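Enquirer: Quick one: the structure is below, questions incoming.
The values are calculated or read from the model by the stated rules, or taken from the named source; none is laboratory data. Computed from a predicted model, the values in this text were never measured in an experiment. Counting neighbours? That spans all protein chains shown, and the Cβs are built from the backbone with ideal geometry, glycine included.
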Amino acid sequence: MLFFQNEFEYIAPKSLEQLFSLLSEEEGAVVFAGGTDLFVRIKKGILSPKLVLDLKRIEELWFFSFGEDMLVIGATNTLNELIESPIVRKLFPLIYECSFSVANYLVRNKATFIGNFCTGFPVADTLFCLLLHDAEIEVQSLKGIRKVKIKDIVENYGRVVLERGEIVTRVFVPYKGEYRGKYYRIPRKFCVTRADFGIAYMITEEEKRIVFGDTGSGLTLLDSEEGLEEYLNKKGIEEPEICLLVEKVLEEIKFQNACSEA
Ligand SMILES: Cc1cc2nc3c(=O)[nH]c(=O)nc-3n(C[C@H](O)[C@H](O)[C@H](O)COP(=O)(O)OP(=O)(O)OC[C@H]3O[C@@H](n4cnc5c(N)ncnc54)[C@H](O)[C@@H]3O)c2cc1C
């Protein structure tokens with residue numbers, strides 16, 4: 001059972017209209033979906049909201065579809081729902097991998113895909129696949145709807161570019177055709193510098209894309225193996241764990257190149 005130092009009111013709005021009106025009335029209101037991040041922060045005393053608003057009962061946010069080469073993920077979709085989707089597994093393997101990389105089965109049963117990057121953690125797992133897929137975020141408030149490119153969503157550590165009263169309603173993930181790709185993560189407990197690192201790549205018929213991420217610099221999108229090596233040299237990243245992982249990834253990409261040339 002969780003005990004909180006500060007009292008707060010809990011409301012589960014039934015519609016976006018009700019949600020937005022509550023958000024505009026109460027300055028100290030926050031939203032949550034799975035709650036696996038928010039309630040930990042409240043319990044630790046990092047946040048002390050007056051009102052917490054549950055997004056799960058809002059039917060307009062129960063959205064998951066694939067059509068016209070676009071996967072649309074809604075604010076209440078859990079990571080396990082995506083992992084269990086045959087469409088995601090077959091056509092968006094990196095979305096599958098990045099979702100699977102978060103925590104464990106029990107956490108993923110509650111934790112949402114959108115909640116993962118709304119934490120503002122600069123190397124949240126889902127950011128890697130979304131950047132490789134050129135995803136766009138739909139943001140809504142009383143003022144209307146706007147779109148944000150995934151590369152712009154994290155403003156700084158722990159903060160996303162949402163203004164007061166705004167929530168993320170959906171993510172649009174373009175289908176990239178068949179591709180080969182992989183996602184690797186080195187959690188901070190295994191790194192000397194106590195930072196999280198991740199690397200993902202996607203090789204399509206037309207292009208090669210590599211994303212490198214670390215807690216300090218966030219994610220960087222590169223278009224070649226040389227670009228990755230140059231970036232790591234420039235940053236002075238020499239940790240043995242990272243170098244080994246990069247070596248493995250470069251070997252894999254070399255192998256993929258050879259396969260597509262054969
Ligand atoms: C044991 C454990 C292990 C974990 N391991 C990992 C891990 O390996 N990798 C990782 O990245 N994270 C990890 N987490 C953190 C967290 O579980 C995930 O980031 C999860 O995906 C968050 O989703 P959620 O729906 O529970 O978010 P919530 O807790 O509901 O919300 C997180 C934040 O996003 C905001 N938010 C949520 N939805 C929206 C929305 N639609 N619009 C606007 N703001 C929104 C909330 O206000 C809050 O600030 C772990 C947590 C635990 C407890």
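Enquirer: Could you please find all residues in the stretch 91-107 being near the ligand (Cβ under 10 Å from one of its atoms) and farther than 18 Å from residue 173 by Cβ?
Expert: The answer is 103, 104, 106, 107.
Enquirer: So if I check each of 135, 124, which one is small (Gly, Ala, Ser), surrounded by 20 or more Cβ atoms within 10 Å (Cβ to Cβ), within 14 Å of the ligand (Cβ to nearest atom) and not assigned by TED's automatic domain parsing to the domain that holds residue 217? Walk me through how you get there before you give the answer.
Expert: Working: 135 fails: within 14 Å of the ligand (Cβ to nearest atom).
Exactly one residue qualifies, and that residue is 124.
Enquirer: To continue, here is another question. Would you please name the residue that is surrounded by the most Cβ atoms within 10 Å (Cβ to Cβ), looking only at residues in the stretch 156-175 that are more than 13 Å from the ligand (Cβ to nearest atom) and either touching a residue at least 60 places away in the same chain (Cβ under 8 Å) or among the charged types (D, E, K, R) (or both)?
Expert: Looking at residues that are more than 13 Å from the ligand (Cβ to nearest atom) and either touching a residue at least 60 places away in the same chain (Cβ under 8 Å) or among the charged types (D, E, K, R) (or both), I get 173.
Enquirer: Evaluate the stretch 66-79: report whether one residue or more is within 13 Å of the ligand (Cβ to nearest atom) and over 16 Å from residue 171 (Cα atoms).
Expert: Within the stretch 66-79, not a single residue is within 13 Å of the ligand (Cβ to nearest atom) and over 16 Å from residue 171 (Cα atoms).
Enquirer: For the stretch 202-225, state whether one or more residues are exposed (fewer than 11 other Cβ atoms within 10 Å of the Cβ), within 16 Å of the ligand (Cβ to nearest atom) and modelled with pLDDT under 90.
Expert: No; the residues of the stretch 202-225 include none that is exposed (fewer than 11 other Cβ atoms within 10 Å of the Cβ), within 16 Å of the ligand (Cβ to nearest atom) and modelled with pLDDT under 90.
Enquirer: Quick one: is residue 16 surrounded by 14 or more Cβ atoms within 10 Å (Cβ to Cβ) and of a type in the set (A, V, I, L, M)?
Expert: yes
Enquirer: Go through the stretch 126-158 and count every residue that is on the phi < 0 side of the Ramachandran plot, of a type outside the set (Ser, Thr, Tyr) and under 13 Å from the mean Cα position of the chain (by Cα).
Expert: The qualifying residues number 16.
Enquirer: Go through (1) assigned to a strand (DSSP E or B); (2) away from the ligand (no atom under 11 Å from the Cβ); (3) within 29 Å of residue 203 (Cβ to Cβ) for residue 146 and report which single condition fails.
Expert: (3)
Enquirer: Here is a follow-up. Counting only residues that are polar (S, T, N, Q) and more than 7 Å from the ligand (Cβ to nearest atom), how many does the stretch 108-121 have?
Expert: Selection size over the stretch 108-121: 1.
Enquirer: Considering each residue of the stretch 43-65, count those that are free of Cβ contacts under 8 Å to residues at least 60 places away in the same chain and under 22 Å from residue 163 (Cβ atoms), and give that number.
Expert: The number of residues fulfilling the criteria is 10.
Enquirer: Counting only residues that are more than 20 Å from residue 114 (Cα to Cα) and in a loop (DSSP other than H, G, I, E, B), how many does the stretch 30-52 have?
Expert: Within the stretch 30-52, residues that are more than 20 Å from residue 114 (Cα to Cα) and in a loop (DSSP other than H, G, I, E, B) number 6.
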